[in-house]
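The numbers here are math on the coordinates, done by the rules we state, and not lab data. No experiment lies behind these values; they were computed from the predicted model shown. Note that we place each Cβ from the backbone using ideal geometry, even for glycine, and neighbour counts take in every protein chain shown.
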Amino acid sequence: SVVGDARDIDWYAPSGEKILPNRQDIFVSRSDETTSTLTIYHANVDSAGIYKCVAKYGDKEAQATVQVKIFQKITFQSAPSPQEFNEGDDADIVCDVVSSPPPTIIWKHKGSKIQVAKDVRFKIMDNGHLQIRGIKKTDEGMYNCEARVMPRGEIDFKMIKVVVNVLPTIRARQSDVNATADIGSSALLACDADGFPEPTVTWAHNNIVLETGDKYSLNEDGSELVIKDVKKVDEGDYTCIAKNKAGEKVEEVSLNVFVQPKITYLNNQTASEFDEQVTLTCEASGDPTPTISWSFENRVFTEGEQSLDRNIVVRSHARVSSLTLKNVQFTYAGQYLCTASNSIGEDNQYMYLEVRYAPKILGPVTVYTWEGNPANISCEVEAHPVASVVWFRDGLQLPSANTTNMKMYNTPTISYLEITPDSQNDFGSYNCTATNVMGTESKEFLLIQAEVPSSPEIEQVEPFSSTAVVEFDEPDSIGGVPIIKYRVQWRLLGQEWTGKEYNAEDGEPSAPKLEVKFQNKGSSLKVNWIEQDDGGSPIKHYLVRYKAKHVSDWKPEIRLPHGSEYVVLSGLEWNTEYEVHVVAENQQGKSEPGILSFRTAIEPTTIPDAMGGGSGLGTGAIVGILIVVFFLLLVGVDVTCYFLNKCGLLMCIAVNFCGKAGPGAKSKDIEEGKAAFTKDESKEPIVEVRTEEENVPNQEGGGHTEPNETTPLTEPDGKTVKDEITKGETEVKNATTEVKTVPNEAPQTNGNESKA
């Protein structure tokens, strides 16, 4: 208020600045000419101070001051909630409070006032903040920041949530993981992480973060990493990363990738006999580095020298092994097995060493027979490449145009010269010459005339009431061929001789000779065999078994009847080495096996369309074919009846129109190279008795008896008489009896027989 006249009344702020009338926070108004009012809206502590009022009238003025004091209520300027800290940090819990006069700050936790004097970790700062040194997870919770202005009795507070984050901890379930490459397997890498808040887990390899895709797979929380189709390049360290607000931790997991051995280089080799050396090389990959060994037949070669003569040496370096064979022999030829092995597996692979060598002629050089009895001289040849075989006698190649009693039969390994001596001139030396690109070899064979065996010597005769036991020594000379029968004769004095024949002791048959022929189907194979010595007892059957050489288990045994000449093996694997064993069995036992090895053909890349281009047969053609088959079947049955039972249409024609008897009326006195002869007309014939069972057809084997040294390769015209005689004691009807034994072995060229 102004006393006197005043034209202008102005107000000045504590800063000395004139307060203008249009301000929103401070309003100046005049109610009359002598009064001016200053109104301060939303006053705060900044509004306090000395305000000056100035009244003017002309050149006269008067002024007065007013001191304004403002007391501020409690105000929380900054007290955020929540406030987060990492475990172990020194936490500064912010609570900024203003008031006038300044407030007193009290902190409470879990309903109780924090006693800083009792816990040195707690401290109330000058600015009112609460400091917690090395904050723990247990310090987490709600804190009460309370402000008090006691002169006014004013109290206010703010609840602040304190969160303590915990740095992740991480642990790999397995620090080293092993896996095998190239087998389509997966590897699992896992780590377990803990912390607050719950950490996120990621994986990295070679500083590249891995994500779910074709190669990798992660579970929901990322703790498990699956590596698909493991390869060697996947080997290395994988980093497991656990991360949250408190920070991150890492753990390394090592993936060790092992590789099964794999033979990467192994080739067939060719050498010639007597070469200085040949080296077989085998390379293999794998991790750990594989150990390489060699094997041949039943022998295993490892590092170093393998024989006393130092002709076989194995040297290995890193992943390569070499087998050196010095002074090459033909026996070195065959399949060699390279084996690469390490701690997780092995690999096997065969290679073939081909050794070219000149012919080598094997087998016995003497053959016994007699005039009129066919005999086979066998020239067994080992050679590579296969040798051609030629027979000579006195410089002339056999058989010649002038020789009708000689025939030649060849198999891949044996050449048979069948000779039926007509006279003494046919006995003697025969030359077998084998030739291939590597050279020539010749060998002389002797055809010797067999002689009648010498007489056996009776040691004693021990009589009994109605029988007698005769003991005798074998003949000193058997005449070149085995004794097959003994004939014992006895009589009462003054009466005719009575006799009985006894077989000599039979033995086991010899091993069959084998040869192989591939069928049109390629994966089928026909194995032929030639019967050797039957041991004096007819062959009952043949036992065939076979297997691939790289496996240990044999295929089921095949049993074929006597007279079989071959077996067809079907369903064989392509390009595989097989081994075949054929055993002949007679009454006395089994022969040694005939053994043959062979490799099947490589599987063709294209197979011709067997059905392409063909056309179907009409109904008439099919009916015609059936009629022809039926007719041929009838003819076959009639022919069989003619030869076996002397009946049927052919038998009727032969008897009624041609006047010929059936084939059973004529017998041949020679079979299997054993003696069959007739004594002079005054005595009964002495006939060799051998059992020859009727052939049984078989879908896998069949044929005729094969030759041995004294049997013809051609069939006999007739069959021998079957007569089984068991060995026993000679019956004696009288106390006075004359006994004689006759070895029945060879034809009697002079009409006599050996007697004791």
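Annotations
- Look at Ser378, Ser81, Ser597, Ser400 and count the other Cβ atoms within 10 Å of each Cβ; fewest to most, that gives Ser400, Ser597, Ser81, Ser378.
- Couplings for region 18-34, taken from phi via the Karplus curve 6.51 cos²θ - 1.76 cosθ + 1.60 with θ = phi - 60°, read 5, 8, 7, x, 9, 6, 8, 8, 10, 10, 10, 9, 10, 7, 8, 6, 10 Hz in order; Gly and Pro are left as x.
- In loop segments of region 106-193 as defined by DSSP, the trypsin sites (Lys or Arg not before Pro) with at most 10 further C-beta atoms inside 10 Å of their C-beta are Lys110, Lys118.
- For region 36-55 and region 197-260, distance of Cα centres in Å: 70
- In order along region 581-589, the Karplus-derived 3J(HN,Hα) couplings, from 6.51 cos²θ - 1.76 cosθ + 1.60 at θ = phi - 60°, round to 10, 10, 10, 9, 10, 10, 4, 8, x Hz, and Gly and Pro are given as x.
- For Glu154, residues with placed amide H under 5 Å, excluding near neighbours: Val149
- R0 of 41 Å, Cβ-Cβ distance Glu603-Asp309: FRET efficiency to nearest 0.05: 0.50
- Normalised Debye scattering of region 64-208 at q = 0.13, 0.14, 0.16 Å⁻¹ gives log10 I(q)/I(0) of -0.72, -0.77, -0.90, counting only Cα atoms as equal scatterers and leaving out solvent.
- Sparse-neighbour loop sites [GluC sites (Glu not before Pro); region 1-99; at most 16 other C-beta within 10 Å; DSSP]: Glu17, Glu33
- Label zone at Gln115 (point 7 Å along Cα-to-Cβ), backbone N below 16 Å, region 131-164: none
- Spin-label pair Asn86-Lys549: with each label point 7 Å from Cα along the Cα-Cβ axis, the two points sit 7.1 nm from one another.
- Model label points for Ser217 and Glu471, set 7 angstrom from Cα along the Cα-to-Cβ axis, are 8.8 nm apart.
- Here Ser510 and Thr640 are evaluated by their C-beta separation; at R0 = 22 Å the FRET efficiency comes out at 0.10.
- Principal axis extents of the Cα atoms in region 363-449, from largest to smallest and rounded to whole angstrom, are 38, 26, 20.
- Residues His317, His129, sorted so that the one with the fewest Cβ neighbours within 10 Å comes first: His317, His129
- The chymotrypsin sites (Phe, Trp or Tyr not before Pro) of region 270-324 meeting both criteria, a DSSP state outside H, G, I, E and B (loop) and at most 13 other C-beta atoms within 10 angstrom of the site's C-beta, are Phe274.
- With N counted as the residues of region 267-357, its alpha-carbon radius of gyration over 2.2 N^0.38 Å works out to 1.07.
- Shown is the FRET efficiency for Trp497 and Ser186, computed with R0 = 60 Å from the Cβ-Cβ distance and rounded to the nearest 0.05: 0.05.
- Distance between the C-alpha centres of region 366-406 and region 520-572: 28 Å, rounded to the whole angstrom.
- Computed from backbone phi with θ = phi - 60° and the Karplus coefficients 6.51, -1.76 and 1.60, the 3J(HN,Hα) list for region 419-428 is 10, 10, x, 9, 7, 4, 5, 7, 8, x Hz; x is used for glycine and proline.
- Taking a quarter of the surface of the Cα convex hull of region 173-259 gives a mean projected area of 5.4 nm².
- Other-chain or far-sequence residues with amide H under 5 Å of Ser537's (modelled H): Gly507
- Per-peptide average of other Cβ atoms within 10 Å, ordering 379-386, 185-192, 479-486 highest first: 479-486, 379-386, 185-192
- Altogether, the Stokes-Einstein calculation at 4 °C and 1.567 mPa s, with the Kirkwood radius of region 208-273 over Cα pairs as Rh, returns a diffusion coefficient of 83 µm²/s.
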